[in-house]
1. Probe radius 1.4 Å, ligands and nucleic acids ignored: give me the carbon and sulfur share of the accessible area of the chain as a rounded percent.
2. What distance in nm lies between label points placed 7 Å from Cα along the C-beta direction at Asn19 and Phe123?
3. As a test of the formula, what do you get for the chain when each DSSP H run with n ≥ 4 contributes -39,500 (n - 2.57) and the sum is divided by the residue count, at 222 nm and rounded to the nearest 500 deg cm²/dmol?
4. Roughly what % antiparallel, to the nearest 5, for the DSSP beta bridges in the chain?
5. Normalised by the number of residues in the stretch 1-56, what is the relative contact order in percent for Cα pairs under 8 Å and 6+ residues apart?
6. Counting heavy atoms of the protein chains only and a 1.4 Å probe, report the per residue accessible area for the stretch 1-87 as a whole number of Å².
7. Dipole magnitude of the stretch 107-212 about its Cα centre, charges +1 at Lys/Arg Cβ and -1 at Asp/Glu Cβ only, in debye to the nearest 20?
8. Using the crude model of +1 on Lys and Arg Cβ and -1 on Asp and Glu Cβ, and no other charge, please compute the dipole size for the chain relative to its Cα centre, in debye to 20.
Amino acid sequence: MINSNQELVNFLVYEGELNSQSLKTALLKIDRRFFVSPKLQNEAYENYPLPIGEWQTISQPSTVVFMLEKLQPQLGQNILEVGSGCGWVSALLAFIVGNKGRVTGIDIIPELVELARDNTKRFNFNNLEFIAGDGSKGFIKLAPYERIIVSAGAKTIPQALIEQLKDGGRMVIPVGDYLQDMMVVEKKGKWIKKVAYPGFVFVPLLEDRFVS
């Protein structure tokens, strides 16, 4: 059993999952327990997903670390998270990009947008916002993005997200039906490079639901 945030970080380092110093610092500062239901606090640091309501989950820490290591977020970048859920990943990214960067979390479920806002209030970020909307369409208002991360399983890579990715940018997105490949997408002009890492399971990316 993993009993503390420090123990969780130590575990991820020991397992060879966590290598980036900026991500390690972010994980130590942005404690997962602040994003987990009060009823599940005794499981907050375990390496498995947990329910957050609305039939959605907070991903297991090793999966989040894998995705963020592949995303390679940098100080000052403009980043979009699709399927921001309880807000943990967006908060980690907001810490990494710093005050000169910007992170936008978008979720199709309004109740989760409010949850993410509540969960992140304690950190007083001035570079993070959450909006309700169909993330498969991206968020054109603040595009282009140096980085895009999708925290739900898509059947295919949405064309809108490729278009909103900045030239030289990178996207990490799970693609497939029940069992997904984690796709790392790099954009260089008209050339799109895709690398797949198999063996992931995410809740599906919900699309085309009207959100006011």
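1. Here it works out to 51 percent.
2. Placing both labels 7 Å beyond Cα along the Cβ direction yields 2.4 nm.
3. -7500 deg cm²/dmol
4. 45
5. 39
6. 47
7. 480
8. So the dipole magnitude of the chain works out to roughly 740 debye.
The values are calculated or read from the model by the stated rules, or taken from the named source; none is laboratory data. Bear in mind that the values here come from a model prediction, so they are computed numbers and not experimental data. Using ideal geometry, Cβ is built from the backbone for each residue, glycine included, and neighbour counts are taken over all protein chains shown. Note: accessible area is taken over every heavy atom of the protein model, side chains too, but ligands, DNA and RNA are not part of it. Shrake-Rupley method; radii C 1.70, N 1.55, O 1.52, S 1.80 Å.
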